[in-house]
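Contents: one structure, followed by commentary.
The values are calculated or read from the model by the stated rules, or taken from the named source; none is laboratory data. No experiment lies behind these values; they were computed from the predicted model shown. We place every Cβ from the backbone using ideal geometry, glycine too, and count neighbours over all the protein chains shown. Accessible surface areas use protein heavy atoms only, side chains included; no ligands, DNA or RNA. Shrake-Rupley method; radii C 1.70, N 1.55, O 1.52, S 1.80 Å.
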Amino acid sequence: MTEFPRPTQAEIDRAMELEEAYYEHRPLAPDKVGQAVDRLYRDWQAAGGKDMFPDVLAYSTHVALTESPTAADRGEVRALWSWRSQPEGAPREVGHRFLAQACGESRGYQVLEDSPVGRKLESYELWDRNVQQALVRRFNLPEQAVQDAPAGIWEAASGQYAKAAEGQVAVFAAEIGAGSILGETEMPRVVGPEGVGKDSVGFPIEFPRQAHLPAEMHDLMADPAVRCDLRMEDYAVKGTTP
């Protein structure tokens, strides 16, 4: 199995800085909402508008499937991420997206959000609730469709990003959720028959200590080869046996 070093203190600090900057002005102010919606509209029109795509959401899915998932100025290692944790040396939890981006900057890893497709989709701000409301009003789109669309659009981009893996893959996740994009889309492509295989995958984030399990069971679950296949599920504490 491939081994990746844990994030350094400098990388952890950079990740927290990136996260704070990302959320500082979200939800977006009206002027930023207008810029994001106008950008999406212009790109949709430049690509053919309704003659090519029924609406801006269909166009965004097209972007996810066709824009490059690889940054020309980064190396071969491709980072995947999911959820968040509090790594040693961090004063609080930090999103693994931002840890991946911090390590991408310092180590030259590919990161979806820093690729051409990621940057373009990010510029549309489809997750922002104020942008979603503006899309409903401006394009007369169903509210539920607008709220549901970002997950599918990013899953499409993630699938293309994972499919493009050719070398080592660094997975920034403490656990892989059964219902996450990482668990449902990215990992199956990376370790599947057409992927790079488990031997090319490593985890810079430690597997969390399972205090209720014997030490040997924890060690088994923490093995990188097992982590590639292991999926964690939420359960109802009062109604389900763990």
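A few remarks follow.
- Positive end of the dipole of the chain (Cβ unit charges, origin at the Cα centre): among A156, P7, F172, the Cα lying farthest that way belongs to A156.
- The C-alpha atoms of the chain define a longest principal axis, and helix 96-107 lies at about 80 degrees to it.
- The Cα atoms of the chain give a gyration tensor whose axes a ≥ b ≥ c have a/c of 1.5 or more with a/b greater than b/c, which makes the shape prolate.
- Positive-end ranking of S82, W127, G49 along the dipole of the chain, with charges on Cβ about the Cα centre, is headed by G49.
- Test item: Cα-centred dipole of the chain, Lys/Arg +1 and Asp/Glu -1 on Cβ, debye: 480 debye
- In terms of its C-alpha gyration tensor, region 1-133 comes out oblate, because a/c is 1.5 or above while a/b does not outweigh b/c.
- Taking the C-alpha atoms only, the angle from helix 9-24 to the longest principal axis of the chain is near 30 degrees.
- The residues of the chain present an accessible area of 53 Å² per residue when probed at 1.4 Å with all protein chains retained.
- For the pair R42 and E143, a Förster radius of 30 Å applied to the C-beta separation gives a FRET efficiency near 0.80, rounded to the nearest 0.05.
- Carbon + sulfur, % of accessible area of the chain - ligands and nucleic acids excluded, 1.4 Å: 50 percent
- In a simple Cβ point-charge model (Lys, Arg +1; Asp, Glu -1; nothing else charged), region 24-72 has a dipole of about 40 debye relative to its Cα centre.
- Only Lys, Arg, Asp and Glu carry charge here, each on its Cβ (+1 for the first two, -1 for the last two); on that basis region 105-242 has a dipole of about 360 debye about its Cα centre.
- When the Cα positions of V196, Q110, M217 are compared along the charge dipole of region 95-242, Q110 comes out farthest toward the positive end, with charges on each C-beta of Lys, Arg, Asp and Glu.
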